[in-house]
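Since every read-out is calculated from the coordinates, none of them should be taken as a lab result. Small disclaimer: the values here were computed from a predicted structure and weren't measured. As a convention, Cβ positions derive from the backbone with ideal geometry for all residues, glycine included, and neighbour counts pool all protein chains shown.
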Amino acid sequence: MFSRSDQQLVEKALTGNKKAWLELISRYEQSIFNYAMRMTSQSHDAKDLMQEIFISVFNSLHSFRGEGSFKAWLFRIAHFRSMDFYRRKKPNVSLDDSPELIDSRIDECMGGSGVGSVNIESQLIGQQSQKALLNTMQQLPFNQKVVIELKFFGQFTFDEIAQQLGVSTNTVKSRLYAALGKLKTILEVEHV
Amino acid sequence: MSDQYESISNEDLMALWLDNQLNDKQRAAFEQRCLNDDDFAELVQSANQTSVIADTAKDFELPTWDKENSFNFEKYKKVSQPWWQWQGLPLSSVVCSFVAIFMVLTDLNIESRDGRFSIGFGSQLPQETINKLVEQKLNDKLLEQQKTNQVLFAQYLQTLQNQQTENSTQLTQYLLTSSRQERREDFAELIKYVNDQRRDDQLFYANQLKDFQQELSFQVGQRPNYTSPNSGDFDSTQLNDE
């Protein structure tokens, strides 16, 4: 059977078709949850954020014109929701400031899938690296963390990221460059 | 040329490398920068490491959550599209545009005549029809002009007649008045003339009578109570009375 495009599912959902909406969720819930996990580092926060994102997406569904990809539009909303979430959680911390060190529990949710035939040792190394990176990401300011998330995990181009964040491409480049500098320093310290 | 690529910033080079958009010269500049700039090289290494981790990253275990709760269609209905965002609006605009273009291209001709609208295509009428229309228009105009002229002429004639009648009346009145005056004057003149003539006759007869009296007085005797008309004591009223 032919799979329906995101645009078609959106149109169906707008007419009140719940099945189409649930199919749309199933396509993107994993990537949105991954995004939320990396942005919040807490599974229950990530779950709340994911729920907020999808509610917000549904409420704004009529404004989706289909001019760009649905994924880009979805992550644009996800960014604003996570920014809002971050401000609620840390009202005294600026989006450009580095947060205080937190007790990260990312490993609680890791390793749930993809075991299969992959070598267990390399899998463990990969998991360790991922955990280290994600812990390091939590020490970045929100504005730099979101650029790292969208660039390396979301695989968006700089122009797309700029459009999603509502800033210039040069700002995105600067934030990424600064974030990489901090990542390098933090990773070096952690490895030492 | 190489200066151009040497002047490119580290951030731009990094961005081009991450988006895999480096051309040959930019790639050469990038590699050169990695060799000469340790900080830049370390950042590239960091980016590379992050990219590898991200590519091999596993999904987090998805929690169970109430997906259906996000489908709040009743709430959505309240924020349904306003009428000006109706999807049919652009379509109707396009249709109207095409209709307008069609009308322009086909020289659509809409005529209103005698309270009727007629729609036709092509504004170029045959020359014969145009001539007929012009002739008809001219005839109509001429007829209208003639009617107007006739009315004006009749009015003018009437006015002229009235004026002439009035003039004739005035002339007659004048003539009558003037002839009466003349006749009155003529009669007065005649009466005056007759009176003068009578006076002359009376004077003549008075002289004759005086002469005759003198003759008589010579013959019969003198009558002293008689005065001569030529003397200063003569009273003409005496003649009238006589």
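Shape analysis of region A:1-93 yields a ratio of the Cα radius of gyration to the Kirkwood radius, Rg/Rh, of 1.01.
Packing, as the average of other Cβ atoms within 10 Å across residues, places the peptides B:169-178, B:51-60 in the order B:51-60, B:169-178, highest first.
Look at the stretch B:189-196: the mean tally of other chain Cβ atoms within 10 Å of its residues' Cβ atoms is 0.
By the rule of a C-alpha distance below 20 Å, with chain neighbours fewer than 8 residues away ignored, the lysines paired with residue A:173 are A:145, A:151, A:182, A:184. Database remark: amide H of residue B:108 closer than 5 angstrom to the amide H of B:122 (H placed geometrically; neighbours at sequence offset of 5 or more, or on other chains; Pro and chain starts carry no H). Averaging Cα coordinates gives a centre for region B:93-163 and one for region A:31-54; these two points are 78 Å apart. By the rule of a C-alpha distance below 18 Å, with chain neighbours fewer than 8 residues away ignored, the lysines paired with residue B:147 are B:137.
With distances taken between every two different alpha-carbon atoms, region B:2-56 has a Kirkwood hydrodynamic radius of 11.5 Å. Ordered by the count of other Cβ atoms within 10 Å of each Cβ, fewest first, B:14, A:50, B:103 give B:103, B:14, A:50.
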